1. Name the one entry in Leu87, Leu106 that is of a type outside the set (D, E, K, R), surrounded by fewer than 18 Cβ atoms within 10 Å (Cβ to Cβ) and either farther than 16 Å from Trp34 by Cα or more than 18 Å from the chain's Cα centre (by Cα) (or both).
2. Which helices (runs of 4 or more DSSP H) sit wholly inside the range 155-254 and have at least 1 residues that are at pLDDT below 70 and out of contact with any Asp or Glu (no Cβ under 6 Å at 6 or more places or on another chain)?
3. Six or more apart or on different chains, Cβ under 8 Å: which pairs go from a residue in the range 188-201 that's surrounded by 13 or more Cβ atoms within 10 Å (Cβ to Cβ) to one that's among the hydroxyl-bearing types (Ser, Thr, Tyr)? Could you list them?
4. Residues being closer than 24 Å to Ala249 by Cβ and open to solvent by 60 Å² or more (accessible area, probe 1.4 Å): count how many of those fall in the range 109-130.
5. Find all pairs meeting these conditions: Cβ atoms under 8 angstrom apart; at least six residues apart or on different chains; first residue within the range 19-30 and at pLDDT 70 or above and assigned to a helix (DSSP H, G or I); second residue open to solvent by 40 Å² or more (accessible area, probe 1.4 Å) and not hydroxyl-bearing (Ser, Thr, Tyr).
6. Quick one: which of Thr41, Thr54, Thr48, Thr69 is under 17 Å from Ala93 (Cβ atoms), open to solvent by 70 Å² or more (accessible area, probe 1.4 Å) and modelled with pLDDT under 90?
Amino acid sequence: MTFSIEGARIFARIHTGIPVLGDILISETLVVSWIVMAIITVLCIVLTRNLKVTNISKRQALAEMLVETANNFVRNNTGGGHKFDKLIPFVAALFTTSVISNLISLIGLRSPTADLSTEAAWAVVVFIMITAEKIKASGILGYLKGFTTPIFIMTPFNILSEIATPISMACRHFGNILSGVVINGLIYWSLSVATNRLFGLIPGAVGRVLSNIPFLDVGLPAILSVYFDWFSGIMQAFIFSMLTIMYIANASEG
């Protein structure tokens, strides 16, 4: 059985309802990712307009605070020097993208990070950067020789360990975000069912009307959202960014 891009387009159009643009499948994850990038772009433009040296605005003060926080975050986790300052823009962009992607579910959109392909793409980029640092520190021969330590028979296991780095990073972030989405969905569904059953006990038209109004959906989901959306979303972005810094810093040591 052969597989082609044309076949994928036809399958997507007929069986999934996913829009197709040329050879690109326009999925919900892709659309929301564009929205996230647009939000970040607008924020960057707004925060960096009309910058001054003196008598700065609150907007500029916020922008400077964010830049200083990113600088300290990278430097404090790489020994305190300026050796890894080149990572600051990348880590800041990674953290911001992750946070906004995680929190965008608060406005009813599906988080791009609830799709493993998003974290997988980030992890591949980080893995390439880690490998580049290792080669830069030890040379290509030294990097390849590292797979044979401490003894040659360990080579397959060392290769698996190397591959496991991006996989573990992607799956950790994806699993936590997806679990929050699933749990919130189950809570909303169970509360809707409970509302229907509870008010359905009222006889007549009043019961039928009230049972279709999700009274119990108010309150508890909002409280749980503080953890699953705000706390967990920001924490997962922090962990992914922290691991990125640590892996790259350790790789540069050879």
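The values are calculated or read from the model by the stated rules, or taken from the named source; none is laboratory data. Please read these numbers as outputs of a predicted model, since none were measured by experiment. In this analysis, Cβ positions are derived from the backbone assuming ideal geometry, glycine residues included, and neighbour counts consider all displayed protein chains. With ligands, DNA and RNA removed, areas are computed over all heavy atoms of the protein, side chains included. Shrake-Rupley method; radii C 1.70, N 1.55, O 1.52, S 1.80 Å.
1. Values: Leu87 fails: surrounded by fewer than 18 Cβ atoms within 10 Å (Cβ to Cβ).
Checking each option against the conditions leaves just Leu106.
2. Details: elements: 155-199, 204-211, 220-225, 232-251.
Result: 204-211, 220-225.
3. Pairs found: Thr195/Ser211; Asn196/Ser211; Leu198/Ser211; Phe199/Ser211; Gly200/Ser211.
4. Adding up the residues that qualify gives 3.
5. So the pair list comes out as Glu28/Arg110; Thr29/Arg110; Thr29/Asp115; Leu30/Ile24.
6. On the way: Thr41 fails: modelled with pLDDT under 90; Thr54 fails: under 17 Å from Ala93 (Cβ atoms); Thr69 fails: modelled with pLDDT under 90.
Every option except Thr48 fails the conditions.
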